[in-house]
Amino acid sequence: MDEQKRYFSRELLLWYRANKRDLPWRRQSNPYYTWVSEIMLQQTRVETVKPYFERFIGKFPTVEALADAPEEEVLKAWEGLGYYSRARNLQTAAREVKEQYGGQVPNDKAKVSALKGIGPYTSGAIMSIAFNRPEPAVDGNVMRVLSRYFRLHDDIAKPATRVHMEHLAQELIPEGCASDFNQALMELGALVCTPKSPSCLLCPVMEHCEGRMAGEELILPIKTKAKPPKPELRYAALIEGTGEHEGKVLVRQRPDTGLLAKMWELPHILVPKQVGIVGISDAESYAILHHSLQAEGVDVAPVEHWMDAEHTFSHIHWQMRVYRCNLRNLQPKDNTVYKWAGPEEMEELAFPNVFVRLLKIRFQ
């Protein structure tokens, strides 16, 4: 290892051991905790994850507890984190660990990599952090740090670049220090070598950072832009109960597969592309919503526009216009499940974020 690399590894470790954050999954060496935290941290900030992690572990303290739990409880515990396939894959993999390895996360990279929902980064993180194995764990933070420090101009969106980064990261791991070193790399990217405003003067490895010395810290890493999410306009029905259902609204469960599978939502429809929020009358919107829901066995009479909302998934951007509606008749088709839900039911049922926000406003 040349001096630039030795300097990087040495100074980064010293900095981490003096400055590492107190995070709940770091307080004890538990492979299950490491695994859960790494899945939660995908696409999600640390400060957001901390309370979710503590509640999740409180509810499912072991692999066996997670494996045996009803899926609905797992989704409810995940509610608000988004990317719900992560929760489903995590539970599927927990069942695999229970059945194949007696509930113990195996100290074997090939076996961990074969579990549902675990890719190269997550397997590297588990093996290095939980078992101190010298395996690279290369995510966006790590690629940003390495691109800047070594002044690498390869496109980090390309698989070949990731493979190169993994080899480079593995070379940097000091003997016997994989756990601390990989966490140090992640920590530096999260706290100091940030995407838009890196704190170079606070960086423990700034002295040999080639990107900083070349004035390219704001240019690196190189990454081709992903396609923007496809916009979709949706009309939703806020159907309020009467009589024995007073104080509740009608919700439906999504299909068993696909986006947001098995979660609950307000009844809503995808509006044809040629229709826009601007330039269409309320009467025309009412007709579209009425006829579309009627075809699903939900006969409603739209009354008024209630509010708008939006939500962005990785590949779709929902623009949602919500209408108060009166229910005339309910005869669901295609085995779609409907139920009346109030604040108590919301404590049990898992809703996507956009509907959590809407229903919280409704039940304020």
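Numbers for the structure displayed
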{"quantity": "Exposure proxy order (Cβ contacts within 10 Å, fewest to most) of His317, His167", "calculated": "His167, His317"}
{"quantity": "Rg(Cα) / (2.2 N^0.38 Å) computed for the chain, rounded to two decimals", "calculated": "1.18"}
{"quantity": "Gain in span if fully extended, Asn329 to Ala18, counting 0.36 nm per residue against the direct Cα distance", "calculated": "105.5 nm"}
{"quantity": "Residue with peak Gaussian network fluctuation, the chain [Cα springs, cutoff 10 Å], from Pro159, Pro198, Pro332", "calculated": "Pro159"}
{"quantity": "Acute angle (nearest 10 degrees) that the helix 178-191 long axis makes with the longest principal axis of the chain, alpha-carbon atoms", "calculated": "60"}
{"quantity": "Overall form of segment 284-364 per C-alpha gyration tensor (a/c, 1.5; a/b vs b/c)", "calculated": "rounded"}
{"quantity": "Tilt relative to the chain, helix 282-294 - C-alpha long axis, 0 to 90 degrees, to 10", "calculated": "90"}
{"quantity": "Proximal charge balance of Glu217 [Cβ under 15 Å; K/R count +1, D/E count -1]", "calculated": "+3"}
{"quantity": "Point-to-point label distance, Ala160-Ser197, nm (Cα→Cβ direction, 7 Å offset)", "calculated": "3.7"}
{"quantity": "Distance between segment 107-172 and segment 282-296 - C-alpha centres, whole angstrom", "calculated": "50"}
{"quantity": "Nearest 10 degrees, 0 to 90: helix 85-101 Cα axis against the chain principal axis", "calculated": "60"}
{"quantity": "Helical mean residue ellipticity (222 nm; -39500 (n - 2.57) per DSSP H run of 4+; nearest 500) of the chain", "calculated": "-12500 deg cm²/dmol"}
{"quantity": "log₁₀ of I(q)/I(0) at q = 0.18 Å⁻¹ - segment 185-306, Debye sum with one point per alpha carbon", "calculated": "-0.99"}
{"quantity": "Three-way shape label, segment 230-362, alpha-carbon gyration tensor, a/c 1.5", "calculated": "rounded"}
{"quantity": "Against the rule of thumb 2.2 N^0.38 Å, how large the Cα Rg of segment 51-190 comes out", "calculated": "1.15"}
{"quantity": "Set of lysines near Lys273 by C-alpha distance (under 23 Å), chain-local residues within fewer than 8 positions excluded", "calculated": "Lys227, Lys230"}
{"quantity": "Most fluctuating residue given options Gly103, Gly243, Gly215, as computed from a GNM of the chain linking Cα atoms under 10 Å", "calculated": "Gly243"}
{"quantity": "Surrounding net charge for Ala261, when Lys and Arg each add one and Asp and Glu each subtract one, Cβ distance under 10 Å", "calculated": "+1"}
{"quantity": "Set Lys20/Lys225; Lys76/Lys248; Lys116/Lys339; Lys116/Lys262; Lys50/Lys225 screened for pairs whose C-alpha atoms are more than 22 Å apart", "calculated": "Lys20/Lys225; Lys116/Lys339; Lys50/Lys225"}
{"quantity": "Cβ-defined net charge surrounding Trp15, 13 Å radius [Lys, Arg +1; Asp, Glu -1]", "calculated": "0"}
{"quantity": "Mean Cβ neighbour count within 10 Å, used as a protection proxy, ranking 290-301, 15-26 highest first", "calculated": "290-301, 15-26"}
{"quantity": "Gaussian network model of the chain, springs between alpha carbon atoms under 10 Å - residue of Gly80, Gly258, Gly102 with greatest fluctuation", "calculated": "Gly258"}
{"quantity": "Segment 175-247: trypsin sites (Lys or Arg not before Pro) in DSSP coil with no more than 14 other Cβ atoms inside 10 Å", "calculated": "Lys196, Lys225"}
{"quantity": "Amide H contacts of Leu238 (H built 1.01 Å from N, under 5 Å, at least 5 apart or other chain)", "calculated": "Tyr323, Arg324, Cys325"}
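Values in this text are rule-based calculations from the coordinates and carry no lab data. All figures in this text were calculated on a predicted structure; none of them were measured in a lab. Ideal geometry is used to build each Cβ from the backbone, glycine not excepted, and the neighbour counts take in all protein chains shown.
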